[in-house]
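Here the structure comes first, spelled out in structure tokens, and everything after it is commentary.
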Amino acid sequence: MNTIIAGLQWGDEGKGKIVDYLTESADFVIRSQGGNNAGHTVVAHGVKYILHLLPSGIIWDHKTNVIGNGVVIDPVGLCQEIARTEGQGVSITPEKLLISDRAHVVLPLHKELDAAREVALGEHKIGTTKRGIGPAYADKINRSGLRMADFTDPDYVRERIAHRVVEANDILARYDLPTFEAAAVCAEVFTAMERLLPHVTNTIPVLHEAWKAGKTLLFEGAQGTLLDIDFGTYPFVTSSNTTAGGACTGTGLPPMAIQRSIGVCKAYTTRVGSGPFPTCDEGLSAYLHGLGREFGATTGRPRGCGWLDTVLLRMACMVNGVTHLAVTNLDGLDAYDTLQICTGYDIDGTVHPLPPARRDLWDRAVPVYETLPGWQSDTTACTRYEDLPPAARAYLDRLAALCGAPVGFVGVGPDRAQTIAV
Ligand code: GDP
């Protein structure tokens, strides 16, 4: 059975642990969108691996890992990640890591263009990670990007980069940001490409053969549904399709190659960066931060926290075709006495079950809450669904009913063993 794992909120849902849990039985682990702005932490054999572009299967000996055509690759960043992971004793061979020849390349100048855009937007800034992901995808859609395959023709690449540097410098100079020299950009990128090119191949037939041969494929989603370029809280979104459809367009496998869609969400909601967050709650934020939870892994910045929002989850379950929910961080609510679940948005007196598209309506959306009793007991040692306190099960059952998808997994702690399969 082939599975996609998608985040249902704004990222940071704990996809890494669910991916890790399912990687064990997978033959192929595949990334289909995003860039090194994503990332998660996998702990295995007592070693902590921080992965951004490398699929999680890389830390296993006999799994094939694919970076699909829908991903944008920062060659310098990927080389550093490979070196760091190899330094932890992981071998990364061309047999183990396949990179699509159609994947687009993030150039050093894309990162500065990201910064320039944020400066230009001022108070309307998106809050991007400034890794150049948005500008690289913009070049792709603009039909001016470079793909991994292009680097087999250095003269063509040099000419394209020279052209792109002139355009970029024009913009960067306007914002007093560092400008680029084409020769230096080429030197940096070509050096990185020497390490990467042995991995670059046409991944489409490889994946199709694996599918036809009945191999188990795992599609590792990055970011979350509310950051999807089409279904997210536009314009506060990322530049790719983070939802299930992205697994197809980002790999060249058709929809019928995927039978299971696991949607990962926290038992509450968190968000970093700018944009709407109707169920944000100061009390819950202070409580979770007080427990030392919900600080950004790389930035250390506190995430905004709020009540579970089933308006968002309902749409996320629809667009991802979620067959199983994986609810993580249930343990975060262990000690809270009374819990709220948002069931709809009241906008000007009418209750809406789904999120709006209009930005002004987001600003006027007032969450409608249902109140549920907390369980006020420790769930971190529970290994079976039946072990969970009745109030915790009632909370999960209500969540599932409101979202229209059954709960397949529950996370009660960061450890791999703290994952309950329902
Ligand atoms: P991703 O961005 O969705 O891939 O999120 P990560 O996989 O990086 O998860 C963020 C953090 O949450 C990691 O440190 C995980 O160990 C931790 N985590 C995941 N699931 C749970 C859970 O059920 N309970 C607790 N307490 N922590 C969890």
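The values are calculated or read from the model by the stated rules, or taken from the named source; none is laboratory data. Predicted model only: the values in this text are computed from it and were never measured. Every residue, glycine as well, gets a Cβ built from its backbone with ideal geometry; the counts of neighbours run over all protein chains shown.
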**Asked** Which one of G145, G246, G221, G232 is farther than 17 Å from N69 by Cα and either at pLDDT 95 or above or in the same structural domain as S32 (by TED's automatic domain parsing) (or both)?
**Response** G232
**Message:** Conditions first: (1) more than 26 Å from the chain's Cα centre (by Cα); (2) under 16 Å from W307 (Cβ atoms); (3) assigned to a helix (DSSP H, G or I). D360 passes all but one, so which condition is the exception?
**Reply:** (2)
**Complete:** If you go through Y234, Y336, Y287, the only one that is of a type in the set (S, T, Y) and more than 26 Å from C382 (Cα to Cα) is Y234
**Asked** When you go through A162, A168 one by one, which is the residue that is crowded, with 19+ Cβ neighbours inside 10 Å and free of Cβ contacts under 8 Å to residues at least 60 places away in the same chain?
**Response** A168
**Message:** Among the residues that make up region 390-403, is at least one of them touching a residue at least 12 places away in the same chain (Cβ under 8 Å), more than 29 Å from the chain's Cα centre (by Cα) and more than 26 Å from N320 (Cα to Cα)?
**Reply:** yes
**Asked** Looking at G68, G134, which one is in contact with a Phe, Trp or Tyr (Cβ under 9 Å, 6 or more places away or on another chain) and either in the same structural domain as I30 (by TED's automatic domain parsing) or touching a residue at least 12 places away in the same chain (Cβ under 8 Å) (or both)?
**Response** G68
**Prompt:** Which ones in region 333-380 are within 27 Å of R393 (Cβ to Cβ) and of a type in the set (G, A, S)?
**Reply:** A335, G344, G374, S377
